[in-house]
Each structure stands twice: as structure tokens, then as C-alpha cells.
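All remarks here apply to the structure that follows.
The values are calculated or read from the model by the stated rules, or taken from the named source; none is laboratory data. Every value quoted in this text rests on a predicted model; they were computed, and no experiment measured them. Note that each Cβ is placed from the backbone with ideal geometry, even for glycine, and that neighbours are counted across all protein chains shown.
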Amino acid sequence: MHLSSRLPQGFEPNALTAALAQVKAEGREFLDLTVSNPSRCGFTYPEAELCAALSSPAGLAYDPDPLGSRTAREAIAAHHGHGLRADDLLLTASTSEAYGLLFKLLGDPGDEVLVPSPSYPLFHWLARLEGLNARSVPSYFHDRWHLDLGGLEAAVSTQTRAIVVVSPNNPTGHFLSRTEWQGLTELCASHGLALLVDEVFADYALEAPADRLETALADLDPPCPVFLLSGLSKVAALPMLKLGWVAVRGPGAGPHLEALAFLADQYLSVSAPVQAAAPTLLALAPGLREQVRLRLVANLFALDDALLPHPHLARLPVEGGWSALLRRPALDGDEACALRLLEATSTLVHPGSFFDLPGDGHLVLSLLTPEAVFREGLGRIFPLL
Ligand SMILES: Cc1ncc(COP(=O)(O)O)c(C=O)c1O
């Protein structure tokens, strides 16, 4: 039977995933320092309010608008501010779905999008499944992360349609600076490219420099088409509710939204209950975000404390987001190192190469990990690094 060439050749898990499956199959306890699902991290969810919002009779009315219900879009526009209007927004079932729609909107099969790396590993497949190629352009670290704007410009070809940036980035935590924003938008404008900005982590600034771009929406009149992506997964720590969105700005915003509405109309994938609940969910979001923020700060503090007796180890600055990058002497490959740590200490960390970090000297830790688990895990792995 023929299967699309857009799919992977096989579905075998990588060595670390296979080793983890083995640990689980044997019923062995392990410490997960990679957890990114906030609903499994011991936060206190206001269950009664959430359930009341989700069980409102309004959620039983089916009156689909391809852009998403106006009430939900108004609440999201108010959450963002910066002059954003309900009419500038499209709702989706997730940020991943938003990427799929935007890649369908912007590219033809064989076209490409440029992605500064390291970054969120899903882009490769999200682009590929729409027939596009995601081409990595390495960013560089010099005291802090920097986009290689010259490298991005050199990589633009006749098939390039867009640049995709994440701010703050996953897993580097890098916030775009205002200078980088200006350079990026000018580059996109001069080459006829769209700019996709994933700001799912924008509310989680930690060691953020003063010159950071707080949000792309601060630019009311960008010179290129800008598509900002976000969603409840991170804004309200509610990934299970499946609500994301795209804000559209810049030249051609009207026709872009019209075409996105056509695309979304083929699926109508956002459920009525979550749209009806959106205003309440966003009103509850600051309380949830604060719990997450306190966890991130506590774990960063614990990490610095644990690093003190190990001067050969270090961490990179965490401008924002939910991850920290640990640097270690690259005496073995980073995937081999993660396997070794899992076997010897029953502690799971991610190798930097999973996110395209160069070389073998980085491990990725989730700062969302419950604090006691995080401290215990660091105590187990540091003597082996
Ligand atoms: C950069 C980035 N964008 C999007 C998402 C996922 O968002 P959603 O659950 O809305 O698909 C993640 C999840 O980790 C992420 O790291």
C-alpha cells in the first residue's frame, strides 16, 4: 500500500524513548526532569470554576464561525492588548494546528520556511506534513543567544516563504531583542516573506534583558505580514482544553484572514464549550501562571545551588520559558549521556541535540518539574557529569 512520502520512513522510537519505555515496562520508578505537561506537575487548578465554565449551556449551542466565536476572540484580544481586535484573530485547536493552517496558507509543495535553531523540534514535521521544508539556520550564543540575521538572509531562496521564530524560544529561552525584531521584519519585507512569531511562553520572562521585545504586537504597523501564535497550553497552563490562536498584522492582513477563515472552515475544529468558556479561562489564567512562575523561579534557584560544588558544570541564562540548558564537559555524546543517566540514576533529561543544540555539551532540564523531584534529580545526576 502506498503511503505519502510526507510521512517518516519508519516509526521506530529513538534510543532514549526506547530505554524509557523499557523502564516503564519494568515498573521502575524514575525522576522525570523533562516534564512539560503542566497538568502533571502538582499545580492547584481551580476545578470548580473551570468545570462551571466548561459546562455552561452556551457550550451546547452550535453556531460555528470559521474564525472562532466573537466572544472568545474578544477575550483573547483583551488578554493581549496592544490594540489587538477580535477581527484580527483566528482560533485553532492548538498552536500545532495553527502552524498547519499557516503553512497551507503560505506555501506550495516544495517551498520552504526558515527556522533559527536550536528550536522546537516539531517544526520539521509540521512543515513536512504540509509539503514544505523547514530549513534550520543556526543562532549563536555569545553571552546570550543571538539570531544570525546575515545567515537568515543568505539562506533565503526563491522558494522561501516565511521565517518562523519562537520568543522566548524553546528550549534556549531567548527573547527577540527589539533590534532583532527590526532586522527580521525588514528582512522579511525586503524578500516578500511572512514572519511567524510563536509567543506561547511570552508571559514567562525570567532573566530577560531590558532590550527584549515583550511581544510582536507592540509593533502596530510591521512592514511584513506577521502571524503571532499563542494558546491556552502555556498562557493558562491548560493544554488539555485545546485552544490556540493566530493574530494577524501587517500588509495583507485582511486577505490573509479571509483565506485563513476559508482553511479553518474545512475543519471547524475548535469545540463550542472551550470557546464559550474562554473569557472565564483567561480570567483564571493569571492565578495559574503565577503558580508556574513561582515553580520556575524556585527551580532556577535550586539549580544554581546544586551547581555550586560542580564548577565544571554551568547553566546558560534563562531569559524566559520553561527550560534550562545545562552545560557539561562533552566526554560522551549527549544522547549517550542521557541514556547513561537514565540507566544509572533513573533520572530522565533531554540531550540538547533533540533541539538541534550544536555539539554534545548541553542537556535540557524542565523547570516545570515539581521542586522536590528536581532537586533530587540534580543530586543524582551531577556526580555523573
Ligand atoms: C514553542 C512551542 N509552541 C507551541 C507549543 C504547543 O502548543 P499547543 O499545545 O497549543 O500546540 C509548544 C509546546 O511545548 C512549544 O514549545
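Evaluation of residue 270 against the conditions (1) more than 15 Å from the ligand (Cβ to nearest atom); (2) under 21 Å from the mean Cα position of the chain (by Cα) shows that the sole unmet condition is (1). Say whether the condition of being polar (S, T, N, Q) and either within 13 Å of the ligand (Cβ to nearest atom) or within 19 Å of residue 289 (Cα to Cα) (or both) is met by at least one residue in the range 40-56. Yes: the range 40-56 contains one or more residues that are polar (S, T, N, Q) and either within 13 Å of the ligand (Cβ to nearest atom) or within 19 Å of residue 289 (Cα to Cα) (or both).
Name the one entry in 231, 183, 192, 173 that is closer than 18 Å to residue 73 by Cα and not assigned by TED's automatic domain parsing to the domain that holds residue 321. The match here is 231.
Put simply, of 218, 202, 237 the only residue that is away from the ligand (no atom under 16 Å from the Cβ) and assigned by TED's automatic domain parsing to the domain that holds residue 159 is 218. Can you confirm whether the range 68-86 contains a residue that is on the phi > 0 side of the Ramachandran plot, of a type in the set (Gly, Ala, Ser) and within 16 Å of the ligand (Cβ to nearest atom)? The answer is yes, given that some residue of the range 68-86 is on the phi > 0 side of the Ramachandran plot, of a type in the set (Gly, Ala, Ser) and within 16 Å of the ligand (Cβ to nearest atom).
When the residues of the range 341-380 are filtered to those that are among the charged types (D, E, K, R) and part of a helix (DSSP H, G or I), which remaining residue is nearest to the chain's Cα centre (by Cα)? So that I can check it myself, show each step before the final result.
To start, the set of residues in the range 341-380 that are among the charged types (D, E, K, R) comprises 343, 356, 360, 371, 375-376, 380.
Remaining after also requiring part of a helix (DSSP H, G or I): 343, 371, 375-376, 380.
Details: 343: 29, 371: 22, 375: 25, 376: 27, 380: 28 Å.
Among those residues, the one meeting the criterion is 371.
Considering the range 165-199, and only residues there that are in a loop (DSSP other than H, G, I, E, B) and more than 16 Å from the ligand (Cβ to nearest atom), the residue that is nearest to the chain's Cα centre (by Cα) turns out to be 193.
For the range 325-341, indicate whether the set of residues that are of a type in the set (Gly, Ala, Ser) and either assigned by TED's automatic domain parsing to the domain that holds residue 212 or within 26 Å of residue 209 (Cα to Cα) (or both) is non-empty. For the range 325-341, residues of a type in the set (Gly, Ala, Ser) and either assigned by TED's automatic domain parsing to the domain that holds residue 212 or within 26 Å of residue 209 (Cα to Cα) (or both): absent.
Just to be sure, is residue 301 farther than 24 Å from residue 168 by Cβ and outside any loop (DSSP other than H, G, I, E, B)? In short, no.
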